[in-house]
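Below: the structure, in C-alpha coordinates.
The values are calculated or read from the model by the stated rules, or taken from the named source; none is laboratory data. Computed from a predicted structure; not experimentally measured. Neighbour counts run over all protein chains shown; Cβ positions are idealised from the backbone, glycine included. The protein model used for the area step is the full one, side chains on, heavy atoms only, and it has no ligands, DNA or RNA in it. Shrake-Rupley method; radii C 1.70, N 1.55, O 1.52, S 1.80 Å.
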Amino acid sequence: MNHVEILGVPFIHSTRNEFIDILHRRIKQQNKTFVVTANPEIVMMANENKVFMEYLQTADFITPDGIGIVKAAGWLNKPLPERVPGFDTMKDLLSLANENQYRVYFLGAKQEVLEQCIHNVSNDFPKMEIAGYHNGFFDLDNPQIAEEIRELKPDLIFVALGAPRQEQWIYQNIAKFDKGIFMGVGGSFDGIAGVVPRAPEIWQKLNIEWLYRLIQQPTRWKRMLAIPRFVFKVLLQKTNKR
Ligand code: UDP
(Lines give C-alpha, C1' and ligand atoms only; values in the text may rest on other atoms or scores of the structure.)
Protein backbone atom coordinates (compact mmCIF):
# COMPACT_ATOMS: atom_id res chain seq x y z
CA MET A 1 0.00 0.00 0.00
CA ASN A 2 1.13 3.50 -0.91
CA HIS A 3 2.03 5.94 1.85
CA VAL A 4 2.48 9.67 2.11
CA GLU A 5 4.79 10.73 4.90
CA ILE A 6 4.08 13.99 6.68
CA LEU A 7 6.57 15.04 9.36
CA GLY A 8 7.53 11.42 9.93
CA VAL A 9 3.97 10.07 10.08
CA PRO A 10 3.07 7.65 7.24
CA PHE A 11 -0.49 8.15 5.96
CA ILE A 12 -2.31 5.63 3.79
CA HIS A 13 -3.04 6.73 0.25
CA SER A 14 -6.62 5.55 -0.19
CA THR A 15 -10.17 6.77 -0.46
CA ARG A 16 -12.70 6.21 2.35
CA ASN A 17 -14.34 3.38 0.44
CA GLU A 18 -11.07 1.67 -0.41
CA PHE A 19 -10.06 1.85 3.24
CA ILE A 20 -13.31 0.27 4.42
CA ASP A 21 -12.81 -2.54 1.88
CA ILE A 22 -9.32 -3.14 3.26
CA LEU A 23 -10.65 -3.29 6.82
CA HIS A 24 -13.51 -5.56 5.81
CA ARG A 25 -11.06 -8.04 4.29
CA ARG A 26 -9.00 -7.95 7.47
CA ILE A 27 -12.06 -8.59 9.65
CA LYS A 28 -12.96 -11.61 7.54
CA GLN A 29 -9.40 -12.92 7.74
CA GLN A 30 -9.34 -12.18 11.49
CA ASN A 31 -6.20 -10.16 10.93
CA LYS A 32 -5.37 -8.08 14.00
CA THR A 33 -5.25 -4.42 13.00
CA PHE A 34 -4.29 -1.15 14.71
CA VAL A 35 -5.85 1.93 13.10
CA VAL A 36 -4.88 5.50 13.98
CA THR A 37 -6.74 8.48 12.60
CA ALA A 38 -4.46 11.49 12.73
CA ASN A 39 -5.05 15.21 12.36
CA PRO A 40 -2.39 17.97 12.54
CA GLU A 41 -2.62 18.01 16.36
CA ILE A 42 -1.73 14.32 16.47
CA VAL A 43 1.17 14.76 14.03
CA MET A 44 2.55 17.57 16.18
CA MET A 45 2.09 15.48 19.33
CA ALA A 46 4.11 12.69 17.68
CA ASN A 47 6.83 15.16 16.69
CA GLU A 48 7.09 16.43 20.22
CA ASN A 49 6.74 13.14 22.07
CA LYS A 50 9.03 10.29 21.01
CA VAL A 51 7.09 7.63 22.88
CA PHE A 52 3.85 8.63 21.17
CA MET A 53 5.63 8.51 17.78
CA GLU A 54 6.69 4.95 18.65
CA TYR A 55 3.06 3.97 19.28
CA LEU A 56 2.09 5.40 15.89
CA GLN A 57 4.91 3.56 14.13
CA THR A 58 3.37 0.24 15.22
CA ALA A 59 -0.03 1.07 13.68
CA ASP A 60 -1.07 -0.88 10.59
CA PHE A 61 -2.84 2.12 9.11
CA ILE A 62 -2.79 5.85 9.79
CA THR A 63 -5.56 7.76 8.06
CA PRO A 64 -5.71 11.49 7.26
CA ASP A 65 -8.33 12.75 9.69
CA GLY A 66 -8.84 16.38 8.82
CA ILE A 67 -8.37 18.75 5.96
CA GLY A 68 -5.01 19.96 7.38
CA ILE A 69 -3.36 16.65 6.53
CA VAL A 70 -4.79 16.56 3.00
CA LYS A 71 -3.64 20.16 2.41
CA ALA A 72 -0.16 19.41 3.76
CA ALA A 73 0.14 16.41 1.42
CA GLY A 74 -0.72 18.71 -1.48
CA TRP A 75 1.91 21.29 -0.44
CA LEU A 76 4.49 18.51 -0.38
CA ASN A 77 3.42 17.45 -3.92
CA LYS A 78 2.32 14.06 -2.61
CA PRO A 79 -1.47 14.50 -2.83
CA LEU A 80 -3.84 12.32 -0.85
CA PRO A 81 -7.22 11.50 -2.44
CA GLU A 82 -9.45 12.69 0.42
CA ARG A 83 -9.98 12.90 4.17
CA VAL A 84 -10.61 9.58 5.89
CA PRO A 85 -12.10 10.84 9.18
CA GLY A 86 -12.32 8.63 12.23
CA PHE A 87 -15.98 9.37 12.83
CA ASP A 88 -17.04 8.37 9.29
CA THR A 89 -14.84 5.28 9.35
CA MET A 90 -16.41 4.25 12.64
CA LYS A 91 -19.92 4.74 11.21
CA ASP A 92 -19.01 2.68 8.11
CA LEU A 93 -17.61 -0.06 10.32
CA LEU A 94 -20.79 -0.07 12.42
CA SER A 95 -22.81 -0.54 9.22
CA LEU A 96 -20.57 -3.43 8.22
CA ALA A 97 -20.98 -4.90 11.70
CA ASN A 98 -24.73 -4.58 11.32
CA GLU A 99 -24.79 -6.32 7.92
CA ASN A 100 -22.52 -9.13 9.06
CA GLN A 101 -23.43 -9.43 12.72
CA TYR A 102 -19.91 -8.67 13.86
CA ARG A 103 -19.17 -8.35 17.56
CA VAL A 104 -18.26 -4.84 18.68
CA TYR A 105 -16.71 -3.58 21.92
CA PHE A 106 -16.84 0.06 23.05
CA LEU A 107 -14.15 1.32 25.41
CA GLY A 108 -14.12 4.93 26.57
CA ALA A 109 -15.97 8.13 27.46
CA LYS A 110 -17.88 8.96 30.62
CA GLN A 111 -20.29 6.32 31.89
CA GLU A 112 -23.49 8.23 31.05
CA VAL A 113 -22.18 9.27 27.61
CA LEU A 114 -21.17 5.69 26.91
CA GLU A 115 -24.60 4.37 27.92
CA GLN A 116 -26.33 6.89 25.66
CA CYS A 117 -23.93 5.97 22.84
CA ILE A 118 -24.72 2.25 23.29
CA HIS A 119 -28.44 3.03 23.32
CA ASN A 120 -28.15 4.99 20.07
CA VAL A 121 -26.00 2.45 18.24
CA SER A 122 -28.28 -0.42 19.21
CA ASN A 123 -31.21 1.50 17.74
CA ASP A 124 -29.37 2.45 14.57
CA PHE A 125 -27.56 -0.87 14.03
CA PRO A 126 -29.88 -3.45 15.57
CA LYS A 127 -28.24 -6.53 14.03
CA MET A 128 -24.77 -5.70 15.25
CA GLU A 129 -23.70 -7.68 18.32
CA ILE A 130 -22.57 -5.52 21.20
CA ALA A 131 -19.85 -7.64 22.80
CA GLY A 132 -19.57 -5.21 25.72
CA TYR A 133 -18.54 -1.77 26.88
CA HIS A 134 -16.57 -0.02 29.60
CA ASN A 135 -16.12 3.66 30.41
CA GLY A 136 -12.79 5.37 29.78
CA PHE A 137 -11.89 6.30 33.31
CA PHE A 138 -9.60 3.56 34.58
CA ASP A 139 -5.90 3.10 35.22
CA LEU A 140 -4.15 2.44 31.89
CA ASP A 141 -1.75 0.04 33.58
CA ASN A 142 -4.57 -2.15 34.85
CA PRO A 143 -4.39 -5.24 32.60
CA GLN A 144 -7.76 -6.60 33.74
CA ILE A 145 -9.92 -4.64 31.32
CA ALA A 146 -7.99 -5.88 28.28
CA GLU A 147 -8.19 -9.42 29.67
CA GLU A 148 -11.97 -9.17 29.99
CA ILE A 149 -12.34 -7.74 26.47
CA ARG A 150 -10.13 -10.48 25.00
CA GLU A 151 -12.41 -13.15 26.41
CA LEU A 152 -15.40 -11.58 24.67
CA LYS A 153 -13.66 -12.12 21.30
CA PRO A 154 -14.89 -8.92 19.62
CA ASP A 155 -14.23 -8.32 15.90
CA LEU A 156 -14.06 -4.55 16.39
CA ILE A 157 -12.81 -2.58 19.38
CA PHE A 158 -13.43 1.18 19.38
CA VAL A 159 -11.24 3.00 21.89
CA ALA A 160 -12.45 6.50 22.79
CA LEU A 161 -9.96 7.68 25.41
CA GLY A 162 -8.62 10.68 23.48
CA ALA A 163 -5.04 10.90 22.21
CA PRO A 164 -2.49 9.81 23.35
CA ARG A 165 -4.26 7.55 25.88
CA GLN A 166 -6.19 5.53 23.31
CA GLU A 167 -3.11 4.79 21.20
CA GLN A 168 -1.17 3.92 24.34
CA TRP A 169 -3.86 1.48 25.47
CA ILE A 170 -3.96 -0.23 22.06
CA TYR A 171 -0.16 -0.37 21.87
CA GLN A 172 0.07 -1.91 25.33
CA ASN A 173 -2.65 -4.50 24.86
CA ILE A 174 -3.04 -5.54 21.24
CA ALA A 175 -0.49 -8.36 21.55
CA LYS A 176 -2.78 -10.16 24.03
CA PHE A 177 -5.58 -10.48 21.50
CA ASP A 178 -6.11 -13.16 18.86
CA LYS A 179 -8.09 -10.94 16.50
CA GLY A 180 -9.78 -7.56 16.24
CA ILE A 181 -9.71 -4.20 14.50
CA PHE A 182 -8.55 -1.68 17.12
CA MET A 183 -9.24 1.93 16.39
CA GLY A 184 -8.79 5.08 18.46
CA VAL A 185 -11.87 7.24 17.91
CA GLY A 186 -11.32 10.27 20.17
CA GLY A 187 -14.57 12.04 21.02
CA SER A 188 -16.74 9.90 18.70
CA PHE A 189 -18.82 8.33 21.50
CA ASP A 190 -19.76 11.85 22.60
CA GLY A 191 -20.73 12.54 18.97
CA ILE A 192 -22.90 9.42 18.74
CA ALA A 193 -24.45 10.13 22.13
CA GLY A 194 -25.32 13.61 20.87
CA VAL A 195 -23.35 15.35 23.62
CA VAL A 196 -21.19 17.15 21.08
CA PRO A 197 -23.21 17.76 17.93
CA ARG A 198 -21.41 17.17 14.64
CA ALA A 199 -21.07 20.14 12.31
CA PRO A 200 -23.96 20.54 9.84
CA GLU A 201 -23.13 19.15 6.39
CA ILE A 202 -22.48 22.55 4.85
CA TRP A 203 -19.68 23.22 7.38
CA GLN A 204 -18.22 19.80 6.60
CA LYS A 205 -18.40 20.47 2.84
CA LEU A 206 -16.65 23.80 3.28
CA ASN A 207 -13.94 22.01 5.28
CA ILE A 208 -14.52 24.20 8.33
CA GLU A 209 -15.73 21.49 10.67
CA TRP A 210 -12.77 22.37 12.90
CA LEU A 211 -14.20 25.91 13.30
CA TYR A 212 -17.58 24.48 14.30
CA ARG A 213 -15.91 22.29 16.94
CA LEU A 214 -13.97 25.27 18.22
CA ILE A 215 -17.19 27.25 18.64
CA GLN A 216 -18.90 24.32 20.38
CA GLN A 217 -15.96 23.56 22.67
CA PRO A 218 -13.99 26.79 23.12
CA THR A 219 -11.60 24.99 25.50
CA ARG A 220 -10.12 23.34 22.40
CA TRP A 221 -8.43 26.53 21.23
CA LYS A 222 -5.24 25.79 23.17
CA ARG A 223 -4.85 22.46 21.40
CA MET A 224 -5.54 24.14 18.09
CA LEU A 225 -2.40 26.23 18.50
CA ALA A 226 -0.69 23.11 17.18
CA ILE A 227 -2.11 23.87 13.73
CA PRO A 228 -0.01 26.96 12.86
CA ARG A 229 3.07 25.15 14.17
CA PHE A 230 2.13 22.21 11.93
CA VAL A 231 1.78 24.44 8.85
CA PHE A 232 5.14 26.05 9.59
CA LYS A 233 6.92 22.71 9.95
CA VAL A 234 5.38 21.26 6.78
CA LEU A 235 6.40 24.31 4.75
CA LEU A 236 9.89 23.99 6.22
CA GLN A 237 9.98 20.33 5.15
CA LYS A 238 8.95 21.43 1.65
CA THR A 239 11.70 24.07 1.44
CA ASN A 240 14.33 21.67 2.72
CA LYS A 241 13.40 19.09 0.08
CA ARG A 242 13.92 21.56 -2.77
N1 UDP B 1 -11.78 10.22 27.87
C2 UDP B 1 -11.77 9.02 28.55
N3 UDP B 1 -10.85 8.85 29.55
C4 UDP B 1 -9.97 9.81 29.90
C5 UDP B 1 -9.97 11.03 29.18
C6 UDP B 1 -10.90 11.21 28.16
O7 UDP B 1 -12.56 8.12 28.26
O8 UDP B 1 -9.18 9.58 30.81
C9 UDP B 1 -12.77 10.38 26.80
C10 UDP B 1 -13.62 11.63 26.90
O11 UDP B 1 -14.68 11.42 27.80
C12 UDP B 1 -14.10 11.76 25.46
C13 UDP B 1 -12.94 11.18 24.65
O14 UDP B 1 -12.10 10.53 25.59
O15 UDP B 1 -15.22 10.94 25.25
C16 UDP B 1 -12.17 12.16 23.83
O17 UDP B 1 -11.68 13.17 24.63
P18 UDP B 1 -11.05 14.48 24.02
O19 UDP B 1 -12.12 15.36 23.47
O20 UDP B 1 -10.16 15.03 25.05
O21 UDP B 1 -10.13 13.90 22.83
P22 UDP B 1 -10.05 14.17 21.24
O23 UDP B 1 -11.43 14.16 20.65
O24 UDP B 1 -9.36 15.47 21.09
O25 UDP B 1 -9.19 13.02 20.78
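Brief remarks on what is shown
- Spans of strands (runs of 3 or more DSSP E) in region 1-48 with at least 2 residues under 20 Å from residue 224 (Cβ atoms) and out of contact with any Pro (no Cβ under 6 Å at 6 or more places or on another chain): 33-38
- When residues of region 81-106 are limited to those that are closer than 28 Å to residue 234 by Cα and touching a Gly at 6+ places or on another chain (Cβ under 8 Å), the one surrounded by the fewest Cβ atoms within 10 Å (Cβ to Cβ): 87
- Within region 182-206, considering residues that are without any contact (Cβ under 8 Å) to a residue 40 or more places away in the chain, outside any helix (DSSP H, G or I) and away from the ligand (no atom under 13 Å from the Cβ), the one farthest from residue 123 (Cα to Cα): 206
- Selection count, region 57-106, where residues are in contact with a Pro (Cβ under 7 Å, 6 or more places away or on another chain) and in a loop (DSSP other than H, G, I, E, B): 5
- Check on residue 210, open to solvent by 70 Å² or more (accessible area, probe 1.4 Å) and within 12 Å of the ligand (Cβ to nearest atom): yes
- Of all residues in region 80-113 being in contact (Cβ under 8 Å) with a residue 40 or more places away in the chain and more than 24 Å from residue 26 (Cα to Cα), the one that is farthest from the ligand (Cβ to nearest atom): 113
- Of all residues in region 207-242, those satisfying the criterion of being of a type in the set (A, V, I, L, M, F, W, C), free of Cβ contacts under 8 Å to residues at least 40 places away in the same chain and part of a helix (DSSP H, G or I) are 211, 214, 215, 221, 232, 236.
- Checking residue 169 against (1) within 11 Å of the ligand (Cβ to nearest atom); (2) of a type in the set (Phe, Trp, Tyr); (3) more than 22 Å from residue 51 (Cβ to Cβ), the condition it does not meet: (3)
- The residue that is nearest to the ligand (Cβ to nearest atom), counting only those in region 135-160 that are in a loop (DSSP other than H, G, I, E, B) and of a type in the set (Phe, Trp, Tyr), is 137.
- Flag for residue 163 being open to solvent by less than 50 Å² (accessible area, probe 1.4 Å), part of a loop (DSSP other than H, G, I, E, B), modelled with pLDDT under 90 and not β-branched (Val, Ile, Thr): no
- Within region 166-181, being basic (Lys, Arg) and assigned to a helix (DSSP H, G or I) holds for one residue alone: 176.
- Which numbered condition residue 119 misses (of (1) within 18 Å of the chain's Cα centre (by Cα); (2) within 16 Å of the ligand (Cβ to nearest atom)): (1)
- Among residues of region 129-142 that are in contact (Cβ under 8 Å) with a residue 12 or more places away in the chain, those with a beta-carbon under 6 Å from a residue that is small (Gly, Ala, Ser) and near the ligand (Cβ under 10 Å from one of its atoms) at least six positions away or on a different chain give the pairs 136/108; 136/109.
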